Amino acid sequence: MPRIARLDTPGLLHHVMIRGIERRKIFNDDKDRENLIERLSILLPKTKTQCYAWSFLSNHAHFLLRSGPAGIAALMRRLLTGYAVSYNRRHKRHGQLFQNRYKSIICQEDAYLQELVRYIHLNPLRANIAVDLKELGRYPYCGHIALIGKKKMEWQEVQYVLGFFGTRVVEARKRYVSYVKNGISLGRRPELVGGGLIRSLGGWDEVKKMRLTGQDRIKSDQRILGERDFVSEVLSESEGQFSRKYQLKSLGYDFEKVVERVSILFRMERDYITGRGRQKDRGVARDLLCYWAVVELGMPMVDLARRFDITPAAVSYAVQRGEKMAKEEGYQLETCVI
């Protein structure tokens, strides 16, 4: 069954989850955790992405992010690729670190921001990394410590979140802590990370009511956490992004046609571009090929990695170089024929 396309409208709230492959560890020690924090401190401001909540566990991590102008994928591609390469090098391992793609759910801010901040920050407590709220306040790898004022994270948007709890910082922190405390008894919240019709409608009772009146065929989507109108609005805004891919496919653009276009543009044989070798001209052409295949056609990077017998990380770097080249040279996929 093919994977559904990712929604990545800039400026929206995203609950992002990353997991280790086969539930293995993605953090072996604090040095690994500090490595990812350092990358966040660089990439979040660089991509103009805002972080409202985060927590690291041994084999997974959660983030609540507002995507910047380039979308959430641009940040996550650079963050995860860079971290995986350094992790593998440090621990002398090879192969994939993360389980498939990261999971990202677009969230309706006014209805879910506070809920998600609490849910994400209580993860270390549910995982028994912290035994109680007091110990959670000392755990350095969770955004809760910054919100209560025990540690400063320049890249974490503390004031924005506290603003939901009051205008004065001291009082807002007290209310925030009380709110988090009240969430402990709620346990795991599958409705905050699940998807589909039930969540969009507000529970099974609402679904049953609508079935009785024959109104259950409405907009809903497992990639979106929010009310019906919000779901419809997000899907409508994202339609332009998807129509671009569908338009290219309707014009016959697939991997082979992209190779053909790059071949004409660089005046190279197709087999030379896709073949093995580290020649500079071949590398430049392949960078553009990877960029168009991943960004324009939506091909998974793992598929390209298999085709070229390289790592997904190498494909990711090629996509970045190809994107820069396309912008600087003004290359367009449909108009690149010379």
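The values are calculated or read from the model by the stated rules, or taken from the named source; none is laboratory data. In this text the structure is predicted, and so the values were computed from the model without any measurement. A quick note on method: Cβ atoms are made from the backbone with ideal geometry, for glycine too, and the neighbour counts reach across all protein chains shown. Quick note on the areas: whole protein, heavy atoms, side chains included, nothing else; ligands and nucleic acids left out. Shrake-Rupley method; radii C 1.70, N 1.55, O 1.52, S 1.80 Å.
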Review point. In what order, largest first, do K92, K48 sit by accessible area if the probe radius is 1.4 Å?
Key: K92, K48
Review point. Given a 1.4 Å probe and the protein chains all in place, what does the accessible area of R321 round to, in Å² to the nearest 10?
Key: 120
Practice item. Set Lys and Arg Cβ to +1 and Asp and Glu Cβ to -1, take the dipole of region 43-182 about its Cα centre, and tell me which of H91, Q50, S104 lies farthest positive. Key: H91
**Study point:** Where N is the number of residues in region 27-124, Cα Rg divided by 2.2 N^0.38 Å
**Key:** 1.10
Check your understanding: If you stretched the chain out fully between R270 and A127, how much longer would it get, using 0.36 nm times the residue separation minus the C-alpha to C-alpha distance?
Key -> 46.3 nm
Check your understanding: Which shape class applies to region 101-184: rounded if a/c is under 1.5, otherwise prolate when a/b exceeds b/c and oblate if not, where a ≥ b ≥ c are the square roots of the Cα gyration tensor eigenvalues?
Key -> rounded
Check your understanding: Rg/Rh for region 281-329: what does it come to with C-alpha atoms and Rh from Kirkwood?
Key -> 0.94
**Study point:** Rounded D (µm²/s) - region 251-296, Kirkwood Rh over Cα pairs, Stokes-Einstein at 37 °C, 0.692 mPa s
**Key:** 312
Review point. So, in nm, how far is label I310 from label K92 when the simple model puts each one 7 Å beyond its Cα toward the Cβ?
Key: 2.7
Review point. So what are the three principal axis dimensions of region 77-128 from its Cα atoms, in whole Å, longest to shortest?
Key: 43, 27, 15
Exercise for review: Once you have the Cα-Cα distance between R175 and S41, take 0.36 nm times their residue separation minus that, and quote the gain in nm to one decimal.
Suggested key: 45.5 nm
Review point. Tally Lys/Arg at +1 and Asp/Glu at -1 over every other residue whose Cβ is under 14 Å from the Cβ of M268; what's the total?
Key: +1
Review point. To the nearest 10 square angstrom, what accessible area does K103 show with a 1.4 Å probe?
Key: 90
Check your understanding: Any idea how far apart K151 and V302 come out in nm if each label point goes 7 Å out from Cα toward Cβ?
Key -> 3.2
Check your understanding: Given the pairs K152/K181; K48/K280; K46/K280; K152/K174; K48/K324; K46/K324, which are separated by over 27 angstrom at their Cα positions?
Key -> K48/K280; K46/K280
Exercise for review: Please list 140-147, 162-169 highest first by mean number of surrounding beta-carbon atoms within 10 Å per residue.
Suggested key: 140-147, 162-169
Point to revise | Accessible area per residue in Å² at 1.4 Å probe, computed on region 1-96 | key: 45
Practice item. Return one whole number: the accessible area per residue of region 271-338 in Å², for a 1.4 Å probe. Key: 55
Check your understanding: Got a number for the accessible area of R307? Probe 1.4 Å, square angstrom, nearest 10.
Key -> 130
Review point. Dividing the alpha-carbon Rg of region 124-172 by 2.2 N^0.38 Å yields what?
Key: 1.19
Review point. Once the piece of chain linking D254 and F164 is laid out straight, how much longer is it, given 0.36 nm per residue of separation minus the C-alpha distance between them?
Key: 27.7 nm
